[in-house]
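Trainee: First, the structure itself, so that you have it in front of you.
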Amino acid sequence: MARIRLKTRTVTEVRRTLSRVMNMVANGEMDNKTANTIILGCNAVLSSIRTDEQQKKIDELEKILNEAR
């Protein structure tokens, strides 16, 4: 099987990766099992990105609150 390089550092990259995977499955270039594994990985990455972004916002709000006191 050929190596596939997929980018998943940002939400935009994950979106493009998912689109690419869907197209590969639709064109018969990738089997469903591989696609499902990649999709599960993308969902885990998206969850992690969301958690990191929420933590950054919480930290910023705490900083603002502490400065206001």
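Trainee: DSSP loop trypsin sites (Lys or Arg not before Pro) in region 1-30 with at most 16 other Cβ atoms within 10 Å of their Cβ, which ones?
Mentor: ARG3, ARG5, LYS7, ARG9
Trainee: Counting Lys and Arg as +1 and Asp and Glu as -1, each charge on the Cβ, what is the dipole of the chain about the Cα centre in debye, to the nearest 20? All intermediate terms of the calculation are to be shown ahead of the outcome.
Mentor: Values: 13 positive and 9 negative charges, 49 e Å.
That gives the chain a dipole magnitude of about 240 debye.
Trainee: Solvent-accessible area per residue for the chain at a 1.4 Å probe radius, Å²? List each step's numbers first, then the result.
Mentor: Working: 5970 Å² over 69 residues.
Normalised by residue count, the accessible surface of the chain is 86 Å².
Trainee: Hey, what number do you get for the chain at 222 nm if only DSSP H runs of n ≥ 4 count, each worth -39500 (n - 2.57), divided across all residues, to the nearest 500?
Mentor: -27500 deg cm²/dmol
Trainee: Could you work out what % of the accessible surface of the chain is carbon and sulfur, using a 1.4 angstrom probe and leaving DNA, RNA and ligands out of the count? It would help to have the intermediate numbers written out before the result.
Mentor: Details: 3040 of 5970 Å².
That share works out to 51 percent.
Trainee: Let me ask another. Which residue, chosen from SER19, GLY41, LEU65, occupies the Cα position most advanced towards the positive end of the dipole of the chain, where the dipole is computed from +1 (Lys, Arg) and -1 (Asp, Glu) charges on Cβ about the Cα centre?
Mentor: The residue sitting farthest along the positive end of the dipole is SER19.
The values are calculated or read from the model by the stated rules, or taken from the named source; none is laboratory data. Note that the structure is a prediction, hence the values are computed from the model and not measured. Neighbour counts run over all protein chains shown; Cβ positions are idealised from the backbone, glycine included. Keep in mind that these areas ignore ligands, DNA and RNA; they rest on the heavy atoms of the full protein, side chains included. Shrake-Rupley method; radii C 1.70, N 1.55, O 1.52, S 1.80 Å.
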